[in-house]
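Q: Have a look at this one before I ask anything.
The values are calculated or read from the model by the stated rules, or taken from the named source; none is laboratory data. Predicted model only: the values in this text are computed from it and were never measured. Ideal geometry is used to build each Cβ from the backbone, glycine not excepted, and the neighbour counts take in all protein chains shown. Heads up: the accessible areas ignore ligands, DNA and RNA and are worked out on the full protein's heavy atoms, side chains in. Shrake-Rupley method; radii C 1.70, N 1.55, O 1.52, S 1.80 Å.
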Amino acid sequence: VRYVASELATDITVTVGDVKFYLHKFPLLSKSAYLQKLVASGNEENNDEIQISDIPGGPVAFEICAKFCYGMTVTLNAFNVVAARCAAEYLGMHETIEKGNLIYKIDVFLNSSIFHSWKDSIIVLQTTKSMLPLSEELKVVGLCIDAIATKACIDVSKVDWSYTYNRRKVPEENGNDLNCNGFRNRPVPKDWWVEDLCELEIDLYKRVIMNIKTKGILSHEVIGEALKAYSYRRLPGFSKGVIRSGDVIKYRSTVDAIVWLLPAEKGSVSCSFLLKLLKAAIIVDLEEMAQEQLVRRIGQQLEEASVNDLSIRAADGEDVVYDVDTVQKIVKEFLMQDQNAEFESEDNEVQEIRRPGILTDASKLMVAKLIDAYLAEIAKDPNLPLSKFVDLAELVSCISRPSHDGIYRAIDMYLKEHPGISKSERKRICKLMDCKKLSVDACMHAVQNERLPLRVVVQVLFFEQVRATASSGSSTPDLPRGLKDLNIGSHGSSRSAA
């Protein structure tokens, strides 16, 4: 129950939810078109009692409006201003009823104070969700979003360091050194705003980032950093390439929005982040088009990835441990960059000379080594079919690399974990490596390796002898000493007998 301290007896009762307000008609009706209409249309017997059940903000917001009608001091802040604005709109407190009415006062407060404050703008934007759709119709949401986006894009020299002050990141805080020569004099980073925006729900966050991108002031790297920060904050387990159990639909909308917001420029985010995003997209079962877009983006930056990044787990219920098919698609996208370059050149009638591929030898070599290491990892899976291993290895076989030690290790690991494969399958997998490109250490290991077909061991011995011949300049060389020792030590084995 709410009363007004007055000598005059109250003549109207307004019930809002479960709260009764005992008030006077004159101050209320002089500022509210809605209450005027309600009282005028009420029964003569019952026009002293009014029930309002659907006013935005409920009893608290109505009390603010009622106090304003009585000329009392009304305290507005970032937490209650949207509710008050929507309640005032509901009650029809416009300038046409009385000059300087509540709607006008609140709009002035928003424009002169709230929208000039970074923190307050974010708080107000968060409160608009509970006032939808009215807060949207009144353009409070749009004005908040534009105010936040504008501040995020201003020159960092005009940003107060207090905006970006984070106690966990400032070492001086531990020593209680809060003087002006401490954190306040540090240069403000371009991405100073990204952590604060992580407080927003995905639908509002998406609109803010879109507004920032539309302004075209911030670099695509800063936008990428913002999306990365939001992903780590809003998707539990994202940093480890998983998503903890929870609201899958909610997580799906978050992942979908982040994929959709990714800047088009290559290098906006790291390949590692893109692969984490792909893993999340697979877990939440994002639509195929979004996953394909991520695969395409990852393929363009594949040389940056690590084996751990590529370790995409297979779907539940599958026999294999890793999703090798997706990695195969990524590698194809990487290699396709050179093919696309040639195709575009052929279609260009003005350009007579073919433009070379856009992939450098260094990036190709990095990817070849990456896939060799990835093959060694997936080879540990006892259920991995040989065809998947071979198909992926053959994709990068076109990339020339000085050493085949990596693919040898992967082959050896596969043979070790799959002892039951046939002789023809052993030959097939061993064709993936070039014995001439094995290092001395790899050769030493290979000639003792009982898992390799005998023909491969003979090839290794032969090419090592040829290499020794070339290095010594002798016309009738002996086997290298290390290989001689290996041969001598193998008497009695099936290898020496053969």
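Q: Name the residue that is nearest to Asp203 (Cα to Cα), counting only residues in the range 132-145 that are open to solvent by 30 Å² or more (accessible area, probe 1.4 Å) and touching a residue at least 40 places away in the same chain (Cβ under 8 Å).
A: Looking at residues that are open to solvent by 30 Å² or more (accessible area, probe 1.4 Å) and touching a residue at least 40 places away in the same chain (Cβ under 8 Å), I get Leu134.
Q: Hey, another quick one. Can you find a residue that is touching a helix residue (DSSP H, G or I) at 6+ places or on another chain (Cβ under 8 Å), modelled with pLDDT of 95 or more, closer than 29 Å to Ala315 by Cβ and part of a helix (DSSP H, G or I) anywhere in the range 236-253?
A: no
Q: Any residue in the range 113-125 that is hydrophobic (A, V, I, L, M, F, W, C) and within 28 Å of Leu23 (Cβ to Cβ)?
A: Among the residues of the range 113-125, not one is hydrophobic (A, V, I, L, M, F, W, C) and within 28 Å of Leu23 (Cβ to Cβ), which makes the answer no.
Q: Has the range 117-129 got any residue that is out of contact with any Phe, Trp or Tyr (no Cβ under 9 Å at 6 or more places or on another chain), under 30 Å from Ser30 (Cα atoms), of a type outside the set (Gly, Ala, Ser) and not assigned by the TED database to the domain that holds Val14?
A: So far as the range 117-129 goes, yes, one or more of its residues are out of contact with any Phe, Trp or Tyr (no Cβ under 9 Å at 6 or more places or on another chain), under 30 Å from Ser30 (Cα atoms), of a type outside the set (Gly, Ala, Ser) and not assigned by the TED database to the domain that holds Val14.
Q: Another one. Please specify each residue of the range 184-196 satisfying the condition of being crowded, with 18+ Cβ neighbours inside 10 Å and either at pLDDT 95 or above or under 14 Å from the mean Cα position of the chain (by Cα) (or both).
A: Within the range 184-196, just Val194 meets the criteria.
Condition check ((1) within 12 Å of the chain's Cα centre (by Cα); (2) under 23 Å from Trp193 (Cα atoms); (3) surrounded by fewer than 20 Cβ atoms within 10 Å (Cβ to Cβ); (4) aliphatic (A, V, I, L, M)) across all residues:
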| site | (1), (2), (3), (4) |
| --- | --- |
| Tyr232 | yes, yes, yes, no |
| Phe238 | yes, yes, no, no |
| Val255 | yes, yes, no, yes |
| Gly267 | no, yes, yes, no |
| Asp285 | no, no, yes, no |
| Arg296 | no, no, yes, no |
| Glu304 | no, no, yes, no |
| Val307 | no, no, yes, yes |
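Q: Okay, moving on. Failed condition for Gly420, given (1) free of Cβ contacts under 8 Å to residues at least 12 places away in the same chain; (2) not in a loop (DSSP other than H, G, I, E, B), with all others met?
A: (2)
Q: Given the criteria out of contact with any Cys (no Cβ under 7 Å at 6 or more places or on another chain) and free of Cβ contacts under 8 Å to residues at least 40 places away in the same chain, does Gly100 qualify?
A: In short, yes.
Q: Please list, ordered by first then second residue, the pairs with beta carbon atoms under 9 Å, 6 or more apart or interchain, first in the range 381-408 and under 19 Å from Val460 (Cβ atoms) and in the same structural domain as Ile429 (by the TED database), second open to solvent by less than 20 Å² (accessible area, probe 1.4 Å) and among the basic types (Lys, Arg).
A: Going by the 9 Å Cβ cut-off, the qualifying pairs are Ile407/Arg401.
Q: Can you list residue pairs whose Cβ atoms sit under 6 Å apart, with the first residue in the range 10-21 being hydrophobic (A, V, I, L, M, F, W, C) and the second being part of a loop (DSSP other than H, G, I, E, B) and open to solvent by 20 Å² or more (accessible area, probe 1.4 Å)? Count only pairs 6 or more apart in sequence or on different chains.
A: Ile12/Asp48
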